[in-house]
Structures are given as C-alpha cells and as structure tokens.
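What follows is calculated from the coordinates using simple rules that are stated; it is not laboratory data. All values derive from a computational prediction rather than experimental measurement. Neighbour counts run over all protein chains shown; Cβ positions are idealised from the backbone, glycine included.
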Amino acid sequence: MPDDAPRYRDQPVSFVRRGGRMSDAQERAWAELSPFYRFDVPRDAASTSVHPDAVFDPAAEFGREAPLIVEIGSGQGHAIVSAAVNNPDTDFLAVEVYVGGLARTMLDADKAGARNLRVIEANAPEVLETLLPEGSASEVWIFFSDPWHKKRHHKRRMIKHGFGATVGRALRDGGVLRLATDWEDYALQMREVMDAAPEFERAFEGEWAERYAGRAMTAFERKGIAKGRDIRDLTYRRVPRG
C-alpha cells in the first residue's frame, strides 16, 4: 500500500454522528472562537479521524507548562468549563465529535473568561493513541459515555478490553483516570476491564469510588438520578512504566 493511501478504521467507533442544526449563537461561536479554542486536527480518511503524524503539543498550544486534564466526550462542556474556571493553573482539553457541543463549550468558556481550555473534534481513541504525546496528560476524564445498552452494541463501548493500554499511553506515570456512569452493566464492565489492565491500579477502596468532587453536576447526571439510577464512579492510577 502506498504511503499516501487512506487508512480506514478496523474497530467500531463509540458514537454515531447525527445531524443537528446549531443555534445562531453556536454558529457564531464556531466561526469566531474556533481560531483561539479549537485545535484543527489533521485528518486521515474519516471526518473525525486523526492523521497518524499529527501531534497536539500542550506547551505550544497553551503557551506554558502546566498539568493537562483531558475530558473524553465532553458533551456541552458544562463539566470541563467549570473545572477550567476553577483551576486556572491547569490546562484542559475537551474531546468531542458533536460540533454543537464544542461550539457551546467555546461559547461558555469565552463568557467565563476561561483561556486555559482547548477543544478537539475527533474520535477519542485516536487522540489517545497518537495525537497526544505519550505521558502528557495528568488526568483523563470519561463521564457518562454512551453505554450502548443493547448487547449487540456492546462492541461500541469505549471502555472495553485493550482500553487500558490506549488511555495509559497518554497518561503520565501516577496520572489519574476518572470514570462515571449511570448504567450499572457498563459500570461493571468498566471495573472489570480496568482492574485487569496492567497499566493501572485502583485508587479507591470498596466497590466504587466516591463521587469526584471536581465534577460539576450536569443536567445529564441530574436526569439519571431523577430516573432512579445510581451514579457509579471509578478512579484508577497509572502505574510507573517499566
């Protein structure tokens, strides 16, 4: 295969992109705020792909050396914008495939004066596998990722066998992975997968971790609670390499 031939994914992605019109405010945010907040990802074959040679250099993008927290599936950005506002000495990266959510994130960050945040429109595993420098993240957050509750769709779940190596590459030694879900079956799978991952060790005692105090309460979490679902948190620490 020639070097410039397009490469196609051999694994199912954890999302299905659906069309949706952005509001006028989101359209303006996308047009006016992207030059500052959005990292323009060099693509491979798919629209949300990451070219294998592309690199996100945190120090270059933020203009400083600081801890980096990456949120996978940042949605409308409520959690990460709140965290960025409350932690100005830390840098934050929101990874999402839905343009409307990223536009809202940029809009809210701009209104709040949060300059320590950037957004990326891309498939998260590719961001973790190649785009981020190895060991560059202090923490990775994955809150309420799609549980794909039907058994035939479980192959689309993000946190499955092999995910420990994927996320472990991006985390520094001693870095933290924070997970939360309101779907019990997925929570059990998450725990089984991460307990078995040699790159990680538990950073909690008992069955589940305490709710992470730094996670802003979002409408999505409130909705799950209102439906009587238990919110389950998990916290893992990256073990030292070799």
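Structure summary
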item	result
Fluctuation leader among GLY164, GLY214, GLY174 - the chain, Gaussian network, Cα springs under 10 angstrom	GLY214
Likely footprinting exposure, MET190, MET22, MET158, fewest C-beta neighbours within 10 Å first	MET22, MET158, MET190
Structure-based [θ]222 nm, the chain - -39500 (n - 2.57) summed over DSSP H runs of at least 4, per residue, nearest 500	-8500 deg cm²/dmol
Hits among aspartates and glutamates - C-alpha to C-alpha of LYS223 under 17 Å, sequence gap 8 or more where chains match	ASP146, ASP182, GLU184, ASP233
Selected from ARG104, ARG215, ARG21 as most flexible by GNM, with the chain as the system and alpha-carbon contacts under 10 Å	ARG21
Neighbour-count order for THR90, THR130, fewest beta carbons within 10 angstrom listed first	THR90, THR130
Rel. contact order, % - alpha carbon contacts under 8 angstrom, at least six apart, the range 41-238	20 percent
Test item: Cα-centred dipole of the range 140-218, Lys/Arg +1 and Asp/Glu -1 on Cβ, debye	520 debye
Cleavage-rule hits (GluC sites (Glu not before Pro)) in the range 165-233: DSSP loop, at most 15 neighbouring Cβ within 10 angstrom	GLU205, GLU207, GLU210
Segment PHE204-GLU65, length gained on full extension (0.36 nm per residue, minus Cα span)	47.1 nm
Residue among GLY100, GLY75, GLY206 with the largest mean-square fluctuation in a Gaussian network model of the chain, springs linking Cα atoms under 10 Å	GLY206
Calculated diffusion of the range 20-91, Stokes-Einstein form, Kirkwood radius summed over Cα pairs, 4 °C and 1.567 mPa s, µm²/s	90 µm²/s
Stretch gain in nm, segment HIS161-ASP57, where the contour uses 0.36 nm per residue and the Cα spacing is subtracted	34.6 nm
√(5λ) per eigenvalue of the Cα gyration tensor, the range 41-238, largest first, Å	24, 20, 18
In range of the label at ARG115: residues from the range 53-73 whose backbone nitrogen is under 11 Å from the point 7 Å along Cα→Cβ	63
